[in-house]
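The values are calculated or read from the model by the stated rules, or taken from the named source; none is laboratory data. Just so we're clear, the structure is a prediction, and the values are computed from it rather than from any experiment. With ligands, DNA and RNA removed, areas are computed over all heavy atoms of the protein, side chains included. Shrake-Rupley method; radii C 1.70, N 1.55, O 1.52, S 1.80 Å.
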Amino acid sequence: MRLRVLVAMWALVLWGLFEVGGGLAHHAYAKGVICSGINVGPDREEHPSPMHPGDTCHPRVHSSETRSYDEQRAVQRAERDAS
């Protein structure tokens, strides 16, 4: 009985470490700046994310709002820090 409890506890610890590692890899250490809407490059053509310096993000499809690479990076960092 005690062995089962220990195995279950270690399984939970390993699962927790896996979750923490995944969170760090996908969020805390993410290097890419992701545009949630339309990413337009310097050539005025749509490009897939991640954004690159010189790109413009249109976060909402039917809006005139635009963000530069640096502005979108700042928004992403603020959202990440808030959560």
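Ranking His52, His62 from most to least accessible surface, computed with a 1.4 Å probe over the protein chains only, gives His62, His52. Computed from Cα positions, the angle between helix 69-82 and the longest principal axis of the chain comes to roughly 30 degrees.
Heavy-atom accessible area for Glu19, with the other protein chains in place and a 1.4 Å probe, reaches approximately 90 Å². Taking only protein heavy atoms and a 1.4 Å probe, the accessible area of the chain is 61% carbon and sulfur.
Between helix 2-23 and the chain there is an angle of about 10 degrees, using the helix long axis and the longest principal axis of the Cα atoms.
Using a probe of 1.4 angstrom and keeping all protein chains present, the accessible surface of the chain works out to 81 square angstrom per residue. At the residue level, Trp15 shows approximately 150 square angstrom of accessible surface with a 1.4 angstrom probe and all protein chains present.
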